[in-house]
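Taken together, the values in this text are just the output of simple stated rules run on the coordinates, not laboratory data. Source: prediction; values computed, not measured. Cβ placement follows ideal geometry from the backbone for every residue including glycine, while neighbour counts extend to all protein chains displayed.
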Amino acid sequence: MHLRRRTQPIMLAAFVLAIALVSQTVARYTPDWGSLDARPLPSWYDEAKVGIFVHWGVFSVPAFDSEWFWWYWRGEHDPKCLAFMLKNYPPGFSYPEFAPQFHAEFFNPGDWADIFKASGAKYVVLTSKHHEGFTNWPSPYSWNWNSVDNGPHRDLVGDLGEAVRNRSLVYGLYHSLYEWFHPLYLSDKKNGYKTQQYVMHKVLPELYNMVVRYRPELIWSDGDWEAPDTYWNSTAFLAWLYNDSPVKDTIVTNDRWGDGCYCKHGGYYNCKDRYSPGELPKHKWEKCQSLDKHSWGYRRDMKMSESNGFTLCHRGSGLYCGSRR
Ligand SMILES: *[C@@H]1O[C@H](CO)[C@@H](O)[C@H](O)[C@H]1NC(C)=O
Ligand SMILES: *[C@@H]1O[C@H](CO)[C@@H](O)[C@H](O)[C@H]1NC(C)=O
């Protein structure tokens, strides 16, 4: 009798432990969309409602046309951009020469975070790396093309993150998969994306490094559309992110993980830029809107008539904030 009574709680404990082990096994995500898409969106995102998106990089130095300036100038030979360079810079001036002029001398992350907080926004997303490839943190995979070796000589991602989190705001990072002119990317592209030199030696090591180092609560992925998600190894990365990364329980992602992915796979949906669904969609989504109708980054010649009905309250360094009129 006595023996029996004593064994019951132990057996119960063993049973509970077995359930815990089983449910832990079940909760692991596999690197396929069926599994990854079934992950529930972490609740903080549902509750946050409003966020701030900051585009800042070497493109903020010419601050002409848009953050796509390098591509329009050197990729498409846009006459407006060619004329701008001819008029304002010496012959032969190259895009990387803008980087030493990226001083960020008035950057006070505490001031930015105060404005973000006062706006009522609950999360802040900074471009860790846009399509130009310049990393706003000392990436070991972006030698001399990052904000500590070059330009401001400062860890912009780290410094802003500290200030933002200090105000109890959630911190996320925008990350472009592709880089317009990266030699390894161009060579994979030439091979019809049958090789993955760029992904294996640049994108993935850098992404893993970024997540472990800064523990962002949101990854706003972009620059995916030229190649399929299998080229980017997106599902393998996301499975790691959701299963084993230091932010596995809180991380929120968007839907730009390969050609044909957006509005279909990933975390919440952005769909195309500035997309408005018209009616309330079944899937969680984010309406991502720029204050400037033409550019996501700072543009020196922007006119108020070109704004999306927002009031700009600070134009100094690619930082916009405001509220709908
Ligand atoms: C913000 O920083 C101040 C000063 O260093 C510190 O006392 C405070 O605990 C921090 N708040 C949060 C939420 O981290
Ligand atoms: C890339 O994906 C393949 C197949 O999905 C996987 O075997 C490999 O481990 C992945 N590599 C990385 C670095 O994620």
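Against the longest principal axis of the chain, how steep is helix 234-243, in degrees 0 to 90 to the nearest 10, with axes from Cα atoms?
Tilt of helix 234-243: around 50 degrees.
Could you please report the charge total around ALA239, scoring K, R as +1 and D, E as -1 over all other residues with beta-carbon less than 13 angstrom from its beta-carbon?
Local charge sum for ALA239: -1.
Please go through region 79-148 and write out the chymotrypsin sites (Phe, Trp or Tyr not before Pro) that DSSP classes as loop and that have at most 15 other C-beta atoms within 10 Å. Mind dumping the intermediate values first?
Working: sites: PHE84, PHE93, PHE98, PHE102, PHE106, PHE107, TRP112, PHE116, TYR123, PHE134, TYR141, TRP143, TRP145; in loops: PHE93, PHE102, PHE106, PHE107, PHE134, TYR141, TRP143, TRP145.
Within region 79-148, the qualifying chymotrypsin sites (Phe, Trp or Tyr not before Pro) (loop, at most 15 other Cβ atoms within 10 Å) are PHE93, PHE106, TRP143.
If you add up the charges near HIS182, with Lys and Arg at +1 and Asp and Glu at -1, over every other residue whose beta carbon is less than 13 angstrom from its beta carbon, what do you get? Intermediate values should be presented prior to the final figure.
Values: positive: LYS129, LYS189, LYS190, LYS202; negative: GLU132, GLU179, ASP188, GLU206, GLU226.
Cβ neighbours under 13 Å give a net charge of -1.
Could you work out the local net charge near SER295, counting Lys and Arg as +1, Asp and Glu as -1, over the other residues with Cβ closer than 11 Å to its Cβ? Kindly include the intermediate steps, with their values, before the conclusion.
Details: positive: LYS293, ARG299, ARG300; negative: ASP65, GLU67, ASP292, ASP301, GLU306.
Result for the local shell: -2.
Have a look at PRO91, PRO109, PRO31 and tell me which one the Gaussian network model of the chain (Cα, springs below 10 Å) gives the largest fluctuation.
Evaluated over the chain, the most mobile residue of the options is PRO91.
Among LEU126, HIS182, PRO40, which residue has its Cα positioned farthest towards the positive end of the charge dipole of region 34-323, with +1 placed on the Cβ of Lys and Arg, -1 on the Cβ of Asp and Glu, and the dipole taken about the Cα centre?
Of the listed residues, the answer is PRO40.
Which of the residue pairs LYS122/LYS287; LYS248/LYS287; LYS117/LYS293; LYS80/LYS129; LYS117/LYS272 have a Cα-Cα distance greater than 22 Å in the structure shown?
On the way: LYS122/LYS287 15 Å; LYS248/LYS287 24 Å; LYS117/LYS293 24 Å; LYS80/LYS129 25 Å; LYS117/LYS272 28 Å.
Among LYS122/LYS287; LYS248/LYS287; LYS117/LYS293; LYS80/LYS129; LYS117/LYS272, the Cα-Cα distance tops 22 Å for LYS248/LYS287; LYS117/LYS293; LYS80/LYS129; LYS117/LYS272.
Taking Cα pairs under 8 Å and at least six residues apart, what relative contact order does the chain come out at, in percent?
20
Determine the distance separating the Cα centre of region 202-259 from the Cα centre of region 91-116; give it in Å without decimals.
26
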